[in-house]
Amino acid sequence: QVQLVESGGGLVQAGGSLRLSCAASLRTFSNYVMGWFRQAPGKEREFIAALSRNGDMTYYAESVKGRFTISRDNAKNTVYLQMNSLKPEDTAVYYCAADFAVVVRLSPKWYDYWGQGTQVTVSS
């Protein structure tokens, strides 16, 4: 059974940093594009960042560009999201997801597997 398990969420003050991790029990992790999404209360799930299979190409939502960094360690079957300069509007449940694809796709509809989510709360 495929599992994606996020960790690293929590409560942080505005301007602070958090690092999210997502451990995946995918047999061929390096064959998956990995993405991070978030969902705030009353809002739709939105794309945050995505990373190609070998990590050489990254994509970010405009709202987080320059503040968040996505990375992966294929030897550890893990993807990370470093979040700096956090703002109250970053408050949401953050999800990692895996897409069995060659090209990076940004819409959540393409992703095959999802984690359970981790809460990030940024206080002002």
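The values are calculated or read from the model by the stated rules, or taken from the named source; none is laboratory data. Owing to the predicted nature of the structure, the values given are computational and were not obtained by experimental measurement. So basically every Cβ, Gly included, is an ideal-geometry build from the backbone, and we count neighbours across all protein chains shown. Remember, those area values only see protein heavy atoms, side chains included, never the ligands or the DNA or RNA. Shrake-Rupley method; radii C 1.70, N 1.55, O 1.52, S 1.80 Å.
Contact list please: Cβ distance under 8 Å, first residue in the stretch 73-84 and surrounded by fewer than 18 Cβ atoms within 10 Å (Cβ to Cβ), second residue assigned to a loop (DSSP other than H, G, I, E, B), pairs at least six apart or on different chains.
These pairs meet every condition: ASN74/ASN54; ASN74/GLY55; GLN82/SER17; ASN84/SER17; ASN84/ARG67.
For GLY55, all conditions in the list (1) at pLDDT 95 or above; (2) at positive phi hold save one; what is the number of the exception?
(1) is the only condition that GLY55 fails.
Just wondering, is there one or more residues in the stretch 113-121 that are under 14 Å from LEU20 (Cα atoms), outside any strand (DSSP E or B), modelled with pLDDT of 95 or more and open to solvent by less than 40 Å² (accessible area, probe 1.4 Å)?
Yes: the stretch 113-121 contains one or more residues that are under 14 Å from LEU20 (Cα atoms), outside any strand (DSSP E or B), modelled with pLDDT of 95 or more and open to solvent by less than 40 Å² (accessible area, probe 1.4 Å).
Could you check SER17 against (1) surrounded by 15 or more Cβ atoms within 10 Å (Cβ to Cβ); (2) under 15 Å from the mean Cα position of the chain (by Cα) and say which number it fails?
Exception for SER17: condition (1).
Quick check, is ALA61 touching an Asp or Glu at 6+ places or on another chain (Cβ under 8 Å), more than 20 Å from ALA23 (Cβ to Cβ) and not hydroxyl-bearing (Ser, Thr, Tyr)?
yes
Being out of contact with any Phe, Trp or Tyr (no Cβ under 6 Å at 6 or more places or on another chain), among the aromatic types (Phe, Trp, Tyr) and not in a strand (DSSP E or B), is that true of even one residue in the stretch 66-73?
Checked against the condition, which is being out of contact with any Phe, Trp or Tyr (no Cβ under 6 Å at 6 or more places or on another chain), among the aromatic types (Phe, Trp, Tyr) and not in a strand (DSSP E or B), the stretch 66-73 yields no hits at all.
Can you tell me which residues in the stretch 81-110 are within 13 Å of SER52 (Cα to Cα) and of a type in the set (Phe, Trp, Tyr)? Write out each step before concluding.
Initial filter on the stretch 81-110 (within 13 Å of SER52 (Cα to Cα)): 97-106.
Residue satisfying the conditions is PHE100 alone.
Which of the residues belonging to the stretch 61-71 are open to solvent by 40 Å² or more (accessible area, probe 1.4 Å) and of a type in the set (D, E, K, R)?
We begin by selecting, within the stretch 61-71, every residue open to solvent by 40 Å² or more (accessible area, probe 1.4 Å); these are 62-63, 65-66, 69, 71.
Selection gives GLU62, LYS65.
Just to be sure, is GLU89 outside any helix (DSSP H, G or I) and either modelled with pLDDT under 95 or out of contact with any Lys or Arg (no Cβ under 7 Å at 6 or more places or on another chain) (or both)?
Spelling it out, it is not the case that GLU89 is outside any helix (DSSP H, G or I) and either modelled with pLDDT under 95 or out of contact with any Lys or Arg (no Cβ under 7 Å at 6 or more places or on another chain) (or both).
Can you name the number of the only condition in (1) in contact with an Asp or Glu (Cβ under 9 Å, 6 or more places away or on another chain); (2) exposed (fewer than 14 other Cβ atoms within 10 Å of the Cβ) that TYR94 fails?
All conditions are met except number (2).
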